[in-house]
Amino acid sequence: MKELVELLTKSLVAHPDDVYVRKEESADSILLEITVHKDDLGQIIGKRGRVIKAIRTLVWACAPADKKVLVELAE
Amino acid sequence: MKSVEIVAKSKEEAVELALKELQVDENNVKVEVLEETSKKGLLGFLNVNKVKVRVTVKEDIAQQAGRLLREILVNMGVLAQVEIFKRPGEVILNVNGENLGKLIGRHGQTLNALQYLVNLAIRRVNEEPGRVIIDVAGYRKRREENLKRLALSAAERVKKRGRKEILNPMSPTERRIIHLTLQNNKEVMTYSEGEDPYRRVIISPKN
């Protein structure tokens, strides 16, 4: 899942080398936190959050059933 | 992406050798000069030049989209084949395999998210826009047929009762199918009302 978020994010931004995804896993949840170049923040959020929502939708489609998966964008 | 690196006495010569090796023509490649050395020889006229170039085969939109989609599927843990079809201004990627339900999602929302992101990524690296349509196990095709049937039967009711009918909320693509199906109908006309994602098509009697 971390790789999926990395791949999607890198393919959408102008600075793919500045993309970093941090994974934090606990007993019942997984947090995936995306860091991008500040000029790319808008790209990843999209109009009314459309892009980040689409990324979440894809991640949730392949997420394990027993864990809550959060995809967040680092400010 | 396929590429070769060639060293020759001039850039032109290096590129020519590379094109021969890759068996493509000049319009389909990107050329980068990696190193250029020129040494003045004895008495200034025995010049030794060395140029190193990298020549990379450019992919078209269909190939790029196909490659990206395959990579995404691998990362999602989905085992599937991707077929690529080209139509003017459009690329169609058909995904086939087993257990692809999770790739479609409720009302196709996962499939729509996938198509949206692939289109964004492709548009970012291409100047000429081309639409990428992704279908999974014939889902869109079946949905299109269902929508056409729904449009025709609703139009039939509108005609009979002389009263307008409001359809369920649909995505822009789905509404387009309804409009197109009924655009030449002499008895009814169609229009949309409301804001996405709750925008609905209305079928009403003409005049």
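The values are calculated or read from the model by the stated rules, or taken from the named source; none is laboratory data. Since the structure is predicted, the reported quantities are computational estimates derived from the model, not experimental observations. A quick note on method: Cβ atoms are made from the backbone with ideal geometry, for glycine too, and the neighbour counts reach across all protein chains shown. Ligands, DNA and RNA are excluded from the accessible area calculation, which covers all protein heavy atoms including side chains. Shrake-Rupley method; radii C 1.70, N 1.55, O 1.52, S 1.80 Å.
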Helix B:109-125: angle to the longest alpha-carbon principal axis of chain B, degrees 0 to 90, nearest 10? 40 degrees
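Of all the C-alpha pairs in the protein assembly as shown, what % are more than 25 Å from each other?
62 percent
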C-alpha long axis of helix B:139-161 to longest principal axis of chain B, angle in °: 30 degrees
Could you work out the mean count of beta carbons from other protein chains within 10 Å of each residue's beta carbon in A:60-72? 2
Holding the Cα-Cα limit at 24 Å, pick out from A:Lys47/A:Lys67; A:Lys53/B:Lys58; A:Lys47/B:Lys141; A:Lys10/B:Lys58 the pairs that are longer than that. A:Lys47/A:Lys67; A:Lys53/B:Lys58; A:Lys47/B:Lys141
In nm, to one decimal, how far is the modelled label at B:Lys58 from the one at A:Glu75, with both set 7 Å along Cα→Cβ? 4.3 nm
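On a 1.4 Å probe surface of the protein chains, which of B:Ile84, B:Ile202 comes out largest in accessible area, and what is the full order?
Ranking B:Ile84, B:Ile202 by accessible area, largest first, yields B:Ile84, B:Ile202.
How would you rank A:25-33, A:2-10, highest first, on the average number of other Cβ atoms within 10 Å across their residues? Working shown, then result.
Working: A:25-33: 12.8, A:2-10: 19.9.
Averaged packing, sorted descending, gives the order A:2-10, A:25-33.
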Förster-model FRET efficiency, 41 Å R0, B:Arg123 and B:Lys50, C-beta, rounded to 0.05: 0.55
Helix-derived [θ] at 222 nm for the protein assembly as shown: sum -39500 (n - 2.57) over DSSP H runs of at least 4, divide by residue count, nearest 500? -12000 deg cm²/dmol
Can you give the mean number of other chain Cβ atoms that lie within 10 Å of the Cβ atoms in peptide B:167-173? 0
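Using a 1.4 Å probe and counting only protein heavy atoms, arrange B:Leu79, A:Leu58 so the residue with the most accessible area comes first.
Values: B:Leu79 150, A:Leu58 0 Å².
The residues order as B:Leu79, A:Leu58, largest area first.
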Using the Cα centre as the reference, give the magnitude of the dipole from point charges on the C-beta atoms of the protein assembly as shown (Lys, Arg: +1; Asp, Glu: -1; all else neutral), rounded to the nearest 20 debye. 1600 debye
Using only Cα atoms, locate the centre of region A:21-45 and the centre of region B:45-93, then give the distance between them in Å, rounded to an integer. 27 Å
At least 50 Å² accessible surface lost relative to isolated chain, residues of region B:102-128 (1.4 Å probe): B:Tyr116, B:Leu117, B:Arg124
Give the angle, between 0 and 90 degrees and rounded to the nearest 10, that separates the Cα long axis of helix A:50-61 from the longest principal axis of the Cα atoms of chain A. 30 degrees
